[in-house]
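The values are calculated or read from the model by the stated rules, or taken from the named source; none is laboratory data. Source: prediction; values computed, not measured. Here the Cβ positions follow ideal geometry from the backbone for every residue, glycine too, while neighbour counts run over all protein chains shown. We work out accessible area using only protein heavy atoms, side chains counted, and drop any ligands, DNA or RNA first. Shrake-Rupley method; radii C 1.70, N 1.55, O 1.52, S 1.80 Å.
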Amino acid sequence: MRYIEFEKIVETVESLSIAAGYELPPDVLLALQNTVKKEPDPKAAKILKQLIENANIASGEKIPLCQDTGLTVVFVEQGAGTAVKPPAEKPDATLPDAINEGVARGYDKGYLRKSIVADPLNKRINTGSNTPAVIHHTIAPGDKLKITVMAKGGGCENKSQFKMFNPTADAAQVRAWIVDVVKNAGADACPPFIVGVGIGGNFELSCLLSKKAICRDLNQKNNDPFYAGLEDDLLTKINTLGIGPQGLGGQTTALAVLIETAPCHIASLPVAVNIECHCHRQKSAVL
Amino acid sequence: MPPISEAQARSLKAGDEVAISGVIYTARDMAHKRLCAAIDAGERLPFELEGAIIYFVGPTPARPGKVIGAAGPTTSARMDAFSPKLIARGMRAMIGKGYRSSEVRESLKKYGAVHLSALGGAGALLSRHIVSAEIIAYGDLGAEAVRKLQVVDFPATVAYDSLGNSVYRER
C-alpha cells in the first residue's frame, strides 16, 4: 500500500484550481487558433481572435479567464494500491476532505469567484469557499492517484439536457435531438461550445458520461468508428446552424463533439448533452 | 444628465457596435430580485434608474492594487422576469449575453431602451475597460452585490433595439 499525504492532495487541488482558472488548456487554445483560419465570417473571426487575446491576458496578467470560475468538479482515479494518510491532528480526514480543502484554498489564494450556495432553493447563502466540490471517485489499477479539476460555468451547465429515448430509436433521431439542444443553448451559453454527449448507462450515468466526455482531449475521437463518425457528423451539422461565436453568426458554433457510451437496459436509451462553453477550465495531476 | 437618454437609446440599431464610457451599475439574479421587491414595496432604490445602464455581471475578487477581477457578462435570459419593471422606470440599456423574452423586447419598444451583448467568456479582456468599482448596495451578496462601475470604451453590440429588431437568427 502506498500512502499519500493528505496535505499533498490539498496542495495539488489548490494549484490545479488556480491553474484551471487562469490557463486555457492547450488543445482548446489550438482549436480556437485553427477555427480563426477557417471561419469565413469576418465578425465571427474577430470574436475568435478576442477569445485568444482573452486567454493571453488571463495567463499573462493573472486575471481569471472568465468571471464565472465555476462549480468545481473533481474526477479522482485512485489506484487500488493507494491510501490517504490523514494528518495527525485530523485522524478521520478523508480524500473528499482533502479535495474540498484544496478547492477552498485555491479559490481564496487565486482570487477566484466563490459561486456555491449552501441551500439551493430556500436560503441560497454563499458558502464563501466554492465548496463543496462535486467529486467523482473511481478505483483504478496501480498505485497512482490521478486528480482532474474542472471549473464548470453555470451559464452553459444551465443549457445541458437529458432525454430518455425508446430503445428502437435510430441514430438520426438521437442526432437531431442533440443538434436541437445545441440550437436551444445558442447565444446564451457562450459558443463556440464543446459538446459532451453521454449515450447509454441509466438516468444518472448518461449525465456523468456527458461530463466525462468534455474532459477528453478535443483531438481525440471516440475509439469506436460508429461513434467517431457520429461525432464528426454532429460537429458538421452543428456548425451549419449559423449560431457562431457569441451567437452573432458564423460557422464556428462548436469546437468539438465528444461522445462517451455505456451499456444500458433493453427498455432504455438514455442520452445526455452537457454543454461546455469555449472557456473550458480543466487541469490534471498524477500523484 | 442621465448616462443615456431615451433619444440616444432609440437611435441605436441592432448590430451596431458601441463603446461605452461613463457610469454603469452591476446587478445579476439576486440583486434584480431585491430591486424589484424594493420597487413593489415603494422603497428608495440604491441608484437612479432613469437613464441607467445595468451590466449583468458578478466579477471575481480584485487582486490587491487592482480595481476588479474578471468581469464578463452572465446570461441575460435569467433577468427576463425582472427587466420589464426596471425598463418601465427609465433604465435605458442592459449589458449581458444571449436572448431576451418577447416581454422584454416589447418593453424596449414601448419605453425606448436597448439590450447590448458583451463578449461572453472573456472576463479578463473586458476587465481592462473598467477603471473603478465600488459596492453601493446588497454587499451581503458578495459577487452579486450592486456595484457602481466607471468604464472606458467598454465594447458591446446592440443585440435588441427599440424597433423590435434583433441581431440573432430566429430560433
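Annotation note: Cβ proximity below 8 Å between a residue of segment A:61-78 that is within 11 Å of chain B (Cβ to nearest Cβ) and on the phi < 0 side of the Ramachandran plot and a residue that is at pLDDT 95 or above and in a strand (DSSP E or B) (sequence gap 6+ or interchain) occurs for A:Leu65/A:Arg281; A:Cys66/A:Arg281; A:Thr69/A:Ala151; A:Thr69/A:Arg281.
Against the list (1) without any contact (Cβ under 8 Å) to a residue 24 or more places away in the chain; (2) in contact with a strand residue (DSSP E or B) (Cβ under 9 Å, 6 or more places away or on another chain); (3) in a helix (DSSP H, G or I), the condition A:Lys123 fails is (3).
Out of A:Ala58, A:Ala104, report the one residue that is part of a helix (DSSP H, G or I), open to solvent by less than 70 Å² (accessible area, probe 1.4 Å) and in contact with a helix residue (DSSP H, G or I) (Cβ under 8 Å, 6 or more places away or on another chain). Only one candidate passes the filter, namely A:Ala58.
When B:Val158 is tested against the conditions (1) within 14 Å of chain A (Cβ to nearest Cβ); (2) touching a helix residue (DSSP H, G or I) at 6+ places or on another chain (Cβ under 8 Å), the lone failure is (2). Is it the case that segment B:86-106 has a residue that's within 14 Å of another protein chain (Cβ to nearest Cβ) and open to solvent by 50 Å² or more (accessible area, probe 1.4 Å)? The answer is no; no qualifying residue exists. Just to be sure, is B:Asp40 in contact with a Ser or Thr (Cβ under 9 Å, 6 or more places away or on another chain), modelled with pLDDT of 95 or more and acidic (Asp, Glu)? Taking the combined requirement at face value, the residue does not satisfy it. Taking the conditions (1) basic (Lys, Arg); (2) without any contact (Cβ under 8 Å) to a residue 24 or more places away in the chain; (3) closer than 16 Å to A:His280 by Cα in turn, A:Lys152 satisfies each one other than (2). Among the residues making up segment A:219-248, a single one is farther than 14 Å from A:Ile178 by Cβ, open to solvent by 20 Å² or more (accessible area, probe 1.4 Å) and of a type in the set (A, V, I, L, M): A:Leu248.
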